[in-house]
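Following: one structure in structure tokens, then a few remarks.
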Amino acid sequence: MNGVHDMGGMHGLGPIVHTPEEPVFFNEWEGRVFAMLVSVNGVGHFNTDEFRHAMERMHPVEYMTVSYYEHWLHATETLLQEKGTITAEELKAALAKVKEAHA
């Protein structure tokens, strides 16, 4: 494949900036996404290859404009819906609850 997700090693994108002191999670929600992935991946909802493929199917513009953990969230939501674990309506309802709680 030669998609937006295969940019590693391409020329002209500049150096990778690494800051050893940076936190593992910049925002609390990122840690929650990590925990969510570990919990659903560990019980057989999907495997690592399916997870990676779900991220690779993101629209290239979205892939380039969202954060690392947003890739994870997108893949997890996509796979749980595709596997029939959750419905789009259940996801919308859950998101509405989260937004209401943080309003």
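The values are calculated or read from the model by the stated rules, or taken from the named source; none is laboratory data. Computed from a predicted model, the values in this text were never measured in an experiment. A quick note on method: Cβ atoms are made from the backbone with ideal geometry, for glycine too, and the neighbour counts reach across all protein chains shown.
In region 1-50, what residues are more than 19 Å from residue 66 (Cβ to Cβ), part of a helix (DSSP H, G or I) and at pLDDT below 85?
Listed by number, the list holds a single entry, 41.
When both residues are 6+ apart or on different chains and their Cβ atoms are under 6 Å apart, which pairs have a first residue that lies in region 13-26 and is in contact (Cβ under 8 Å) with a residue 12 or more places away in the chain, and a second that is surrounded by 10 or more Cβ atoms within 10 Å (Cβ to Cβ)?
That search, which allows pairs on different chains as well, returns 25/31.
Scan (1) in contact (Cβ under 8 Å) with a residue 24 or more places away in the chain; (2) within 20 Å of residue 95 (Cβ to Cβ) for the single condition residue 60 breaks and write down its number.
(2)
Pick from region 72-95 the residues that are modelled with pLDDT under 95 and over 20 Å from residue 44 (Cα atoms): which of them is farthest from the chain's Cα centre (by Cα)?
Per the stated criteria, the residue is 94.
Regarding residue 85, is this residue touching a residue at least 40 places away in the same chain (Cβ under 8 Å) and either in contact with a Leu (Cβ under 6 Å, 6 or more places away or on another chain) or not aliphatic (A, V, I, L, M) (or both)? Don't jump to the end; show me each part of the working.
On the way: touching a residue at least 40 places away in the same chain (Cβ under 8 Å): yes; either in contact with a Leu (Cβ under 6 Å, 6 or more places away or on another chain) or not aliphatic (A, V, I, L, M) (or both): yes.
Yes: the conditions hold for residue 85.
Checking residue 78 against (1) surrounded by 11 or more Cβ atoms within 10 Å (Cβ to Cβ); (2) farther than 13 Å from residue 29 by Cβ; (3) among the β-branched types (Val, Ile, Thr); (4) out of contact with any helix residue (DSSP H, G or I) (no Cβ under 8 Å at 6 or more places or on another chain), only one condition comes out false. Which one?
(4)
Report yes if residue 15 is in contact with a His (Cβ under 9 Å, 6 or more places away or on another chain) and exposed (fewer than 13 other Cβ atoms within 10 Å of the Cβ), otherwise no.
Details: in contact with a His (Cβ under 9 Å, 6 or more places away or on another chain): no; exposed (fewer than 13 other Cβ atoms within 10 Å of the Cβ): yes.
Considered against the rule, which asks whether it is in contact with a His (Cβ under 9 Å, 6 or more places away or on another chain) and exposed (fewer than 13 other Cβ atoms within 10 Å of the Cβ), residue 15 comes out as no.
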